[in-house]
Amino acid sequence: MVALIPWSVWIIFLPLLTGIFAFLFRGRGAQLGIVTAVGLLPPLIGLTWQVLSCGPQHYSVGGWGAPLGIDLYADGLSIIMLVMTALVGIGTTFYATGYYSPTGETKEKNHQQDPALFWSLWLLLWAALNCLFLSADVFNLYVALEFLGLSAVALVALAGGPSAVAAAMRYLLVSLLGSLSYLLGVALLYFAHGTLSLGLLAESVTSSPASFAATTLMTAGLVMKTALFPLHFWLPPAHANAPAPVSAVLSALVVKASFYLLLRLWFQVFTNTVTPSVALLLGILGVAAIFWGSVQALMAQRLKLLVAYSTVAQLGYIFLVFPLAQGKGTGFSAWCGGLYFILSHACAKAAAFLAAGTVLYGFGHDRIDELAGITQRLPVTMFAFGVAGVSLIGLPPSGGFIGKWLLLNAALAGGQWWWAIVIIIGGLLAAAYVFRFFSRAFSYVEQVPICRDVPWSMELTALALGLSAMALGIIATQPLAVMQIGAPLAGPVLTGGLP
Amino acid sequence: MNISLLYSLVGLALFSLGLYGLIAYGHLLRKILAVNVMGSGAFLILVALARGWRQTSPDPVPHAMGLTGLVVAVSATALALALACRVQETTGSTQLTEDGSD
Amino acid sequence: MRLFSAKLIIIVLLVALAGLIAWAILSLPFNGPSLRAQVFANIGHSGVSNPVTAVLLNFRGYDTLLEIVVLFLAVLGAWSLGMVQLPGPPYPAGLFLSALLRILLPAMVLTAGYLLWAGAHAPGGAFQAGAVLGGAGILLLLTEVRFASAIVSWPLRTLLSAGVLVFTGVALGSMFLGGRLLEYPRHWAGILILVIETAATLSIGVILTVLFIGGRPSEADRTLSVKSTGKRKDK
Amino acid sequence: MIWSQWLFDLPLALVLLWLAWRLLTSADLFKAVVLFIAFGLLMALAWVRLQAVDIALAEAAIGAGVTGALFLSALNKINSEQQKNDKGQAETKGRNL
């Protein structure tokens, strides 16, 4: 009986409904947020259990079935992304209950941000993410991308202020450009193959001019939305100027959504059209992103900007999956490494952004040079930032370490040692920008800056997310087992001697 | 040359023109106009090809997709215009500065 | 000089991209595979006879549901930019204009109603009808200040979200009745589609009108609304 | 079929392209918006030619009508704001002098 419940429908519609209710019943946003966070757990557990016990799940909306209707589809990859969304989402929700608390002094500092609109937009964004991760139809995915894009832009704009509004504007234009490029690719695929279903396209796409053009258009659009160097220019201002909970969600989840779609298309649909040279190009751009993002993070004057540039750098690593998967017998390892990296980066980056947001909330600014000694005021938050930093650098025993380790092994076993050098140097650069901030924050000063009261929910959620990034380094077997279900690549997981 | 091919190539030209306008011009209103032209081009390709090279009645699925796209486009345009007005109100400029990072 | 070369690079890249796409279009199969046959084979069960409406509200109804959410999001986005003070109407209705409006507005509402009704068997449907309704709303905003201030607070919020809520309600309701999500009970499909489209038309009309304001109407203007209750356009 | 193409479709296609080009390049933004509305109306004709009457109706109402109105109102706001700014700048300049 439990096996028959359409859990995926609930995973999409619960946040959709609560998002609209948050708009209708102003002032109930926080409660609706918590209802969503808690209420999503049973369907998520149910769906994960279904996928674990019976393999990938299909659901035909309207009962028509592909290709006439739209199918929902959940495999290991979807589950990983949904669980990641839920982890960060639950954290962000509890953080926001403090950040937007009506009793706090939020009004004076947080401009004129409207909590009701925040809750409505955030829950709808959550619904958009879940929609995207569960859809198996390329046009439905276009609508989901627009759904996600518009809610993300609105959330950035919510911060008010000249830089946030300008960042939102730029973000919207980039997002539209990316979606339209993707849409044209969808059109070409449809006219060449007569279907919009991912599964049917996977069977029919051969290397033809139409599928080659579709690959180019869709990859370009999605790469733009994922902010791969040199198309990253819109990300730092948008992520750095958004309200704290929004920054966390944008960096941890929203950019991963378009990357997820890229993974699906490249490894399931475009297997016959992508060439090693294009994969190599994405890898090289990834390397450039790692260096450029890290250097910019090293030079950033503001903490949130530092964290945002760190996202540019870390997104570079996940693009290494494409060239690494081309190696002989290393494909599955690269796949797992990339997914593990995405998962742990989500937790670590959300923790880092939430902690940075707490600093901004407490001290009223986030200029790194003036943050000496803040650890004396916000020890829990700084500890959370530290734990997140360990995962971002990729030190054991963090999730970031496992991700990098798998990528490293894939590089070495596939005879592509040059990527391994990049991964190691990237880790050193991350250490440099993380410690640059720590040397300020942990220094002892007599005159500690004044800090206003910070709700406990804000401090603890950042810590919890940081610790989950750590926990991912300890319980690696379960996520890896989930990643195997329905994976488009097969092969050993090259753990390189680690248990 | 038939009607389906003619209009799909016009759509392609509109898409490219819009893309060029979006990149080349600074004024936000112009950029938003360019995105709209780009979108019209994409929908035109979609619907022109749906007519098929010589079918008697066109395929309704791309029509539905085009209609959906049109509505999404008007939503995005409305949000973009509201943002553009707000950008001009807060920064006093109708363009985005090259480096908006700080 | 530098600017010139940058433009040149953009143009070269664009021409290459356009060439690639043109090549793809020209190489498409002459009468390629499509879903056309499937749509016409199943249209008898869809509850409507206009194939586009059948695709939009039945076969691919899930897309349309999300699309109405996107439209709704545009309002949330515009509102998150803060309050706007409603300016007076730029063209206050004089004698001639108000006489014209008295004819034009009911005609537009009628057109919207017709388009909505016709959508089941002929070109038309919720989006076209909603757009005409939105046009009527914008005309009212341009000429009648009290209308603008009348549309704040909860009735407005309900109207804005009615389309999504009714659509979601039907989608989930059909699931509870033993089908799948959006699997309308066979004989009810036509009626349910009309219900969804009616709610969607209202919502789209109001959403487009509100988007024209460009921001959240300031609540301070609400005092004016008492005077102009019968003037809501959706009646 | 062929004669109608040369008489109708080809000119329509060329005018669409010309309008798109003009609306992107014309120096006056108000003119650009008006051209955009004309572009939307002609697009509606193109949809009719492609037997997509549903989209033609939507384009006429949404594409040309509502979007055009949105553009005009945004242009109006931006212009009036700019005038305010210019006036403010002129005043401060006057004071400096």
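All of the numbers you see were taken from the coordinates with simple rules; none came from a lab. Everything numeric in this text was worked out from a predicted model, so none of it was measured. Ideal geometry is used to build each Cβ from the backbone, glycine not excepted, and the neighbour counts take in all protein chains shown.
General remarks:
- Among the residues of D:75-84, the average count of other protein chain beta-carbon atoms within 10 Å of the residue beta-carbon is 4.
- Counting only whole DSSP H helices of chain A, the ones at least 27 Å long by C-alpha along their axis and with mean Kyte-Doolittle hydropathy no lower than -1.0 are A:76-99, A:115-134, A:138-157, A:162-193, A:276-299, A:331-363, A:417-441.
- Relative compactness, chain A, computed as alpha-carbon Rg over 2.2 N^0.38 Å: 0.92
- Taking all Cα pairs closer than 8 Å and separated by 6 or more residues, the relative contact order of chain B comes to 28 percent.
- For the protein assembly as shown: span of alpha carbons on each principal axis (Å, largest first): 77, 70, 67
- Cross-link check: pairs C:Lys7/D:Lys31; A:Lys304/A:Lys404; A:Lys349/C:Lys7; A:Lys304/D:Lys77; A:Lys304/D:Lys87 evaluated at a Cα-Cα cut-off of 26 Å; pairs beyond the cut-off: A:Lys349/C:Lys7; A:Lys304/D:Lys77; A:Lys304/D:Lys87.
- Exposed-loop-free span, longest in chain A, where GluC sites (Glu not before Pro) count as exposed if DSSP calls them loop and at most 15 other C-beta atoms lie within 10 Å: A:106-445
- When only alpha carbons are used to place a centre, the range A:2-40 and the range B:1-50 end up 38 Å from one another.
- Rounded to the nearest 20 debye, the dipole size of the protein assembly as shown about its Cα centre is 920 debye, using +1 on the Cβ of Lys and Arg and -1 on the Cβ of Asp and Glu.
- Net length gained if the chain between A:Leu428 and A:Ser443 were fully extended (0.36 nm per residue, minus Cα distance): 3.2 nm
- Ranked C:Thr201, A:Thr215, criterion: other C-beta atoms within 10 Å, fewest first: A:Thr215, C:Thr201
- Relative pair counts by distance (%), Cα atoms of the range D:2-96, 10 Å bins: 16, 33, 25, 13, 8, 4, 1, 0
- Separation between Cα centres of the range A:130-153 and the range A:65-84, rounded to whole Å: 12
- Two-site label geometry, D:Lys87 and C:Ala6: point separation in nm, points 7 Å out along Cα→Cβ: 3.5
- Other residues whose C-beta falls under 14 angstrom from the C-beta of D:Asp28 contribute a net charge of +3, scoring Lys and Arg +1 and Asp and Glu -1.
- Note on the range A:142-299: Kirkwood hydrodynamic radius from all Cα pairs is 16.4 Å, rounded to one decimal.
- Cβ-based net charge around B:Leu81, under 13 Å, with every Lys or Arg adding one and every Asp or Glu removing one: +3
- Projected label distance in nm at A:Trp456 and A:Cys54, using a 7 Å step from Cα toward the beta-carbon: 4.3
- Based on C-alpha pairs under 8 angstrom that are at least 6 apart in sequence, chain A has a relative contact order of 16 percent.
- Rel. contact order, % - alpha carbon contacts under 8 angstrom, at least six apart, the range A:167-313: 27
- For chain B, the orientation-averaged shadow of the C-alpha convex hull comes to 7.3 nm² (one quarter of the hull surface).
- Each 10 Å bin, from zero up to the one with the longest distance, holds this percent of the alpha carbon pairs of the range A:1-106: 13, 39, 29, 14, 4, 0.
- For chain A, size of Cβ-based charge dipole, Lys and Arg +1, Asp and Glu -1, in debye: 440
- Dipole magnitude of the range A:221-379, debye to nearest 20 (Cβ charges: Lys/Arg +1, Asp/Glu -1, about Cα centre): 220
- Largest to smallest principal axis extent of the C-alpha atoms in the range A:337-400, angstrom: 38, 19, 17
- In the protein assembly as shown, the calculated helix contribution to ellipticity at 222 nm averages -23500 deg cm²/dmol per residue, counting -39,500 (n - 2.57) for every DSSP H run with n ≥ 4.
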